[in-house]
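Below: one structure, written as structure tokens.
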Amino acid sequence: MVPEKVQKVLSAHGLEALEFEPGSTPTAEMAARRLGVIPARIAKSLLFKTKAGAYVLVVCPGDKRIPSGVLRQVIGAKVSMTTAEETERVTGFRPGGVCPFALEGVEILLDRELGAHESVFPAAGTDATGVPTTLAQLAQITGGKVVDFLLEA
């Protein structure tokens, strides 16, 4: 079931989450199989913490890894990935269901490569959801900054 705070955001923007059996979409690969798309169309959300204690959510294609050096360049500080417990405390979502919707106090960076696809699928707060949307919609709804991680590499 989609968390209420996420459902409110989706409804306000005319989006609808696709819901599946519990635990069916916790990884980009599993989500892609369940949705019948390539992993690059899964918008995976990863939470990082800067040395200064600021949180940054990176949303990128499911088949992509972003080197820490590139993240450091883009963010302007050394970062480390948060633990599962810290991720849930900060976002309200468990790993596998982390999404860019309804977040407070977290900077959101959206990988420009997500725009290479007609639609992409971020989670909707659970490990059994996907939201068909576009990079432009994600930027508009979340206030996230679109970043070209390839140019930074």
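Values quoted throughout were computed directly from the atomic coordinates according to the rules given, and no laboratory measurement underlies them. None of these values were measured; they are calculated from a predicted model. Virtual Cβ from ideal backbone geometry, glycine too; neighbours counted across all protein chains shown.
Of note:
- Between the stretch 12-72 and the stretch 96-153, the alpha-carbon center distance in angstrom: 7
- Listed residues P61, P122, P26, most fluctuating in the chain (Gaussian network, C-alpha, under 10 Å): P26
- Label-to-label distance, R94 versus T27, with points set 7 angstrom from Cα along the beta-carbon direction: 1.7 nm.
- Each label point was placed 7 Å from the Cα along the Cα-to-Cβ direction; for K78 and Q137 their separation is 4.0 nm.
- Of all lysines in the structure, those lying under 16 Å Cα to Cα from K44, and not within fewer than 8 positions of it along the same chain, are K64, K145.
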